[in-house]
Amino acid sequence: MKTTRYFEEQVLRKRPYIRREWCEAVLRNPEHTERQPDGRVRYWMFVPEIGKYLRVVTLEDGETVHNAFPDRDFKPAKGGKR
């Protein structure tokens, strides 16, 4: 998994409970994706171990992980994937 320096030095330090394998799983099989105005891409997937949706943000390439955090405000679309 490709990551930014910010992810390695800040995100994992502030949120040590986040596992790399969760981020990889989100990128492989997201329940929802959105492109931000700046070109970065957001991916969401429910992670049972934390009981919440994990949002993973990549750079514009859709591969390089820049940020990841439990998204307490994310609500899945009714009737399936968004």
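Kindly provide the set of residues from the stretch 1-19 that are within 19 Å of Leu59 (Cα to Cα) and part of a helix (DSSP H, G or I), ordered by number.
Arg5, Tyr6, Phe7, Glu8, Glu9, Gln10, Val11, Leu12
Which residues, taken from the stretch 47-59, are part of a strand (DSSP E or B) and closer than 20 Å to Tyr6 by Cβ?
Within the stretch 47-59, Leu54, Arg55, Val56, Val57, Thr58 meet the criteria.
Check Trp44, Trp22 and return the single one that is on the phi < 0 side of the Ramachandran plot and either in contact with a Lys or Arg (Cβ under 6 Å, 6 or more places away or on another chain) or in a loop (DSSP other than H, G, I, E, B) (or both).
Result of the check over Trp44, Trp22: Trp44.
Could you list, in sequence order, the residues of the stretch 63-82 that are part of a loop (DSSP other than H, G, I, E, B), closer than 17 Å to Arg20 by Cβ and either touching a Cys at 6+ places or on another chain (Cβ under 9 Å) or not acidic (Asp, Glu) (or both)?
Matches in the stretch 63-82: Thr64 only.
Test each condition in (1) under 9 Å from the mean Cα position of the chain (by Cα); (2) in contact (Cβ under 8 Å) with a residue 60 or more places away in the chain for Thr64 and report the one that comes out false.
For Thr64, the exception is condition (1).
Hey, could you check the stretch 10-53 for residues that are under 12 Å from Asn67 (Cβ atoms) and of a type in the set (D, E, K, R) and say which is surrounded by the fewest Cβ atoms within 10 Å (Cβ to Cβ)?
Lys14
No lab work stands behind these numbers, since they all come straight from the coordinates. This is a predicted model, so every value here is computed, not measured. Glycine also receives a Cβ, built like all others from the backbone with ideal geometry; neighbour counts cover every protein chain displayed.
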